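Written below as structure tokens is the structure these notes are about.
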Amino acid sequence: MNHEAITLLEAVNLALAHEMEQDENVVILGEDVGTNGGVFRATAGLKERFGNRRVMDTPLAEAMIGGLTVGMAAQGLKPIAEIQFMGFIFPALEHIICHAARMRNRTRGRLSCPLVIRAPFGGGIHAPEHHSESTETLLAHIPGLRVVVPSSPARAYGLLLSAIRNPDPVIFLEPKRIYRASKQPVLDNGAALPLDTCFTLREGSDITLVSWGAMIKETLEAAEQLAEDNISCEVIDVATISPLDMDTILASVAKTGRCVIVHEASRHLGVGAEIAATLVEKALMDLQAPPLRITGYDTVMPYFRLENHFMPNTADIKDAVRQTLEFV
Amino acid sequence: MDTVFEGEIRYRQYLSSQGDPLSALPVWAQQPEWLTHCYRNMVLARTMDNKAVALQRTGQLGTYASLLGIEGIDVPLGLLMHPEDVLIPYYRNHACQMLRGMPMEEILLYWGGDERGNAAEQQGEDFPNSVPIATQSMHACGVATALKIRNEKRVAVTLCGDGATSKGDFLEGLNVAGAWQLPVVFIVNNNQWAISVPRALQSGAPTLAQKAIGAGIRGEQVDGNDAIAMREAIEIALERAREGKGPSLIEAISYRLSDHTTADDATRYRSNDELKKAWEHEPVKRLRTFLHKQGWWDETQETIWQDEVNSMVQSAVERYLATPPQPVESLFDYLYAELPEQLREQREWAMVKAMKGGTHHES
């Protein structure tokens with residue numbers, strides 16, 4: 001049993017291998033996922049281990065990857081498709097939105113699409129254009145999908161197992177900025193983590209910080225630094241951004257009375273807007289200050305020389321926390 | 001310079017528009033059984049279609065895509081596919097769907113705005129209608145990949161119109177089918193019109209079948225109004241796919257004798273003369289004339305069968321009209337395998353709102 005400290009990327013690989021071992025219906029397809037093991041190496045070694053019938057290098061066509069995945073899933077396979085970068089997912093959206101997300105519903109359960117679409121996303125690695133966007137809200141708006149974002153090696157392993165075992169389509173967005181940022185011991189024991197549930201990463205009493213993906217790193221850093229000033233932050237990792245577990249967030253805000261939401265994606269109609277709106281609808285009397293959002297700007301993701309200006313940082317989060325605490 | 005590639009597309013036709021053999025018929029077509037069976041089902045399909053249009057015109061069915069003119073393609077296909085094959089249709093293949101066991105009332109239910117029209121257990125693993133153009137081409141490749149991975153001797157068959165061949169999805173489907181030698185058959189119902197846009201504006205290619213050449217798969221053009229030619233073409237393509245010999249593209253030349261759907265008015269963009277001329281080549285009359293000339297079918301049989309078909313269609317219509325709507329909670333109940341907690345509240349709102357005097361909002 002593997003119990004070494006591994007990266008988030010290695011945890012993805014470990015989860016894929018584990019499920020391929022357990023279930024022969026699990027297959028992998030995508031661009032460069034076979035011999036090359038994926039451009040980030042998420043599928044490294046899998047073709048050698050499971051053969052090219054189960055690890056398929058596809059022609060270079062994202063719409064086709066989406067379409068193939070729908071057809072394979074409806075046949076009872078469990079395809080896991082890699083879209084090389086989330087910026088290239090758009091040709092596949094018609095298949096994800098118009099078919100995968102609604103196959104079960106439109107056939108009243110006769111057919112379904114148990115598939116996983118994996119895509120690295122987000123900025124911060126000085127990548128070329130179209131390689132750094134965070135467009136998770138586009139998918140989170142679609143009924144019938146699940147959108148899952150891990151924020152640590154252990155959660156990547158446990159959530160990916162759940163995503164693969166889930167009988168419905170799951171979009172699994174991997175925050176590539178933290179692919180190799182840190183290591184954590186992960187036990188390869190096949191233990192899944194629940195979907196549709198937030199994870200409370202740090203308990204606190206003064207304010208609730210809500211985030212997901214790579215921004216969890218800055219959010220935890222802010223909480224740590226604020227603790228030195230006796231500000232007690234509760235940190236919630238949303239993990240499944242759709243369907244969104246508002247119960248955990250509401251319970252936390254009932255306790256703290258304050259909330260800051262942090263995401264890398266643009267602000268307008270981002271997932272943060274949904275969280276803030278629900279807090280106002282359901283917890284107005286608990287709130288001692290308006291919920292604040294710390295997000296990317298409503299601009300095009302800049303080329304990498306300016307990307308750090310676009311992305312929220314630890315200081316932004318700390319400022320927002322202080323502003324919220326000072327609200328009277 | 002050296003020639004590094006040459007290709008050709010051949011055209012298959014046995015019967016003239018007047019129902020006369022143009023060349024020696026295949027052995028099976030020298031016997032009445034299959035062809036009369038095929039003809040009966042073409043009449044059934046057309047009768048169902050006429051009734052469906054009438055239901056729409058009288059407010060008893062939603063917008064409906066008529067099958068008029070596709071009978072020569074869909075009926076042979078429906079008869080030739082094996083039950084274990086998988087049909088990945090577009091939205092005009094009701095005749096094939098019926099032959100694969102889908103009850104007529106389920107077809108009406110679908111066009112009557114009810115998801116249960118995609119849920120009939122007789123549909124097996126067949127896909128529901130694909131409304132987004134050409135997307136089904138790649139679903140068929142996904143299905144075929146699954147069949148190939150599992151070493152099953154089954155075939156995925158997908159259809160689309162001529163307009164769909166302009167879409168990347170269609171070409172990406174052909175491409176991967178060729179690259180992976182998938183057990184899939186693509187049939188293009190080239191009925192000359194994509195709503196108002198004629199075939200000539202879709203592509204500079206003189207045939208649509210030749211798009212197969214670019215993908216490295218076999219392609220042929222067939223008279224889609226000639227059931228004998230269609231059976232030959234389909235049988236060869238199915239057999240090849242089943243035996244692991246790779247995919248095929250069949251361009252079936254037909255004519256859309258109806259409007260695009262009941263929401264369309266084709267008089268805005270095509271001439272009555274053209275339509276009138278197209279009726280001279282239509283598939284049902286062509287086969288009937290051939291059967292008459294062979295002495296395999298006569299007026300008495302025609303009358304008896306038409307009566308029988310009318311009553312089959314009538315009872316299906318009655319079953320369709322007697323089907324009560326689904327309860328409102330069905331909006332939620334098939335969205336996921338298990339309804340996420342997060343949606344329970346909205347499900348309750350919907351049920352309250354659906355009750356007389358109910359309010360959909362939280363108190």
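The values are calculated or read from the model by the stated rules, or taken from the named source; none is laboratory data. Predicted, not measured: the structure shown is a model, and the values here were computed from it. Heads up, the Cβs are rebuilt from the backbone with ideal geometry, glycines too, and the neighbour counts pull from every protein chain shown. Protein only, heavy atoms only, side chains kept; ligands, DNA and RNA dropped before computing areas. Shrake-Rupley method; radii C 1.70, N 1.55, O 1.52, S 1.80 Å.
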Inset, instruction - Could you tell me the convex hull volume per residue, in Å³, taken over the Cα atoms of the stretch B:101-167? - result: 106
Inset, instruction - Mind giving me the nanometre distance, one decimal, between the label points for residue B:321 and residue A:255, set 7 Å out from Cα along Cα→Cβ? - result: 6.3
Inset, instruction - Divide, for the protein assembly as shown, the radius of gyration over alpha carbons by 2.2 N^0.38 Å, where N is the residue count. - result: 1.09
Legend entry - Three-way shape call for the stretch B:37-120 based on the alpha-carbon gyration tensor, with the a/c threshold at 1.5: oblate
Legend entry - Two-site label geometry, residue A:326 and residue B:40: point separation in nm, points 7 Å out along Cα→Cβ: 8.7
Inset, instruction - Please report Rg over Rh for the stretch A:243-318, where both radii come from the alpha carbon positions and Rh follows the Kirkwood definition. - result: 1.04
Legend entry - Amide H contacts under 5 Å for residue B:12, placed H, 5+ residues apart: B:221, B:222, B:223
Legend entry - Electrostatic dipole magnitude of chain B [Cβ: Lys, Arg +1; Asp, Glu -1; Cα centre; debye, to 20]: 440
Inset, instruction - Could you please state, rounded to a whole Å, how far the C-alpha centre of the stretch A:117-167 is from the C-alpha centre of the stretch A:254-296? - result: 21
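Taking square-rooted eigenvalues a ≥ b ≥ c of the alpha carbon gyration tensor, is chain A rounded, prolate or oblate, where a/c under 1.5 means rounded and, failing that, a/b exceeding b/c means prolate? Could the numbers behind the result be given before it?
Numbers: a/c = 1.77, a/b = 1.63, b/c = 1.08.
In terms of gyration-tensor shape, prolate.
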Inset, instruction - Give the interface area between chains A and B as buried accessible surface, both sides summed, probe 1.4 Å, in Å² to the nearest 100. - result: 3700
Legend entry - Expected-Rg normalisation [2.2 N^0.38 Å, Cα atoms] applied to the stretch A:199-326: 0.98
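For residue A:267 and residue A:182, FRET efficiency with R0 = 25 Å and r from the beta-carbon atoms, rounded to 0.05?
Result of the calculation: an efficiency of 0.35.
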Inset, instruction - In whole Hz, with x marking every Gly and Pro, tabulate ³J(HN,Hα) for the stretch A:14-27 from phi via Karplus 6.51 cos²θ - 1.76 cosθ + 1.60, θ = phi - 60°. - result: 5, 5, 4, 5, 4, 6, 5, 5, 6, 9, 6, 7, 6, 10
Legend entry - Solvent exposure ordering (accessible area, 1.4 Å, most first) of A:303, A:179: A:303, A:179
Inset, instruction - Just name one of A:283, A:242, A:271: the one whose Cα is farthest towards the positive end of the charge dipole of the stretch A:220-303 (beta-carbon charges, Lys/Arg +1, Asp/Glu -1). - result: A:283
Inset, instruction - For residue B:5 and residue B:303, compute 0.36 nm times the residue count separating them, minus their Cα-Cα distance, and round to one decimal in nm. - result: 101.9 nm
Legend entry - Alpha-carbon spread of the stretch B:111-236, three principal axes, descending order, Å: 40, 38, 31
Inset, instruction - Using only the alpha carbons, work out the radius of gyration and Dmax of the stretch A:51-118 in angstrom. - result: 11.8, 35
Inset, instruction - Can you tell me what the convex hull of the Cα atoms of the stretch B:211-308 projects to on average, as an area in nm²? - result: 9.9
Inset, instruction - Report, in debye and to the nearest 20, how large the dipole of the protein assembly as shown comes out about its Cα centre when Lys and Arg carry +1 and Asp and Glu carry -1 on their Cβ. - result: 840
Legend entry - Percent of beta bridges antiparallel (DSSP, the stretch B:171-307, rounded to nearest 5): 15
Legend entry - residue A:197/residue A:232 FRET efficiency (R0 22 Å; Cβ-Cβ; nearest 0.05): 0.45
Inset, instruction - Pull up the DSSP beta bridges for the protein assembly as shown and report the antiparallel fraction as a percent, rounded to 5. - result: 15
Inset, instruction - Could you do me a favour and compute the accessible area per residue for the stretch B:227-279, 1.4 Å probe, result in Å²? - result: 42
Legend entry - Over chain A, relative contact order from alpha-carbon pairs under 8 Å, at least 6 apart, %: 16
Inset, instruction - Scan the stretch B:295-363 for GluC sites (Glu not before Pro) in coil per DSSP, keeping those whose Cβ has at most 15 other Cβ atoms within 10 Å, and list them by number. - result: B:329, B:338, B:362
Legend entry - the stretch A:1-68 versus the stretch B:201-223: alpha-carbon centroid distance in Å: 35
Inset, instruction - Counting only DSSP beta bridges with both residues in the stretch A:199-326, tell me the antiparallel percent, nearest 5. - result: 20
Inset, instruction - Note every residue of the stretch A:48-76 with a reduction of at least 50 square angstrom in accessible area, all protein chains present versus the isolated chain, computed with a 1.4 Å probe, or write none. - result: A:53, A:59, A:64, A:68, A:75
Inset, instruction - Would you grab the residues whose amide H sits under 5 Å from the one on residue B:254? Only those 5+ places off in sequence or on another chain, please, with H modelled 1.01 Å from N. - result: B:190, B:191, B:192, B:224
Inset, instruction - Using the heavy atoms of the protein chains and a 1.4 angstrom probe, tell me the accessible area per residue for chain A in square angstrom. - result: 37
Inset, instruction - For the stretch B:240-300, run through the trypsin sites (Lys or Arg not before Pro) and keep only the ones in DSSP coil with at most 14 other Cβ atoms within 10 Å of their Cβ. - result: B:245
Inset, instruction - Quick one, can you get me the convex hull of the C-alpha atoms of the stretch A:3-187 expressed as volume per residue in Å³? - result: 102
Inset, instruction - List the residues whose amide H sits under 5 Å from the amide H of residue A:84, counting only those 5 or more places along or on another chain, with H placed 1.01 Å from N in the peptide plane. - result: A:31
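How big is the Kirkwood radius of the stretch A:207-257, worked out from every pair of different alpha carbons and given in Å to one decimal?
Numbers: mean 1/r = 0.0878 Å⁻¹.
So the Kirkwood estimate lands at 11.4 Å.
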Inset, instruction - Work from the charge dipole of the protein assembly as shown (Cβ charges, +1 for Lys and Arg, -1 for Asp and Glu, about the Cα centre) and give the residue of B:89, A:36, B:76 farthest towards its positive end. - result: B:76
Inset, instruction - Please give the calculated 222 nm ellipticity per residue for the protein assembly as shown, where each DSSP H segment of at least 4 residues contributes -39500 (n - 2.57) and the sum is spread over every residue; nearest 500 deg cm²/dmol? - result: -12000 deg cm²/dmol
Inset, instruction - Take the Cβ-Cβ distance between residue B:356 and residue A:278 as r, set R0 to 22 Å, and report the resulting FRET efficiency rounded to the nearest 0.05. - result: 0.15
Legend entry - Selected from B:179, B:209, B:161, residue furthest toward positive end of dipole (the stretch B:141-209; charges at beta carbon): B:179
Inset, instruction - Decide, for the stretch B:11-321, between rounded, prolate and oblate: order the square roots of the alpha carbon gyration tensor eigenvalues as a ≥ b ≥ c, take rounded if a/c falls under 1.5, and otherwise choose prolate if a/b is larger than b/c, else oblate. - result: rounded
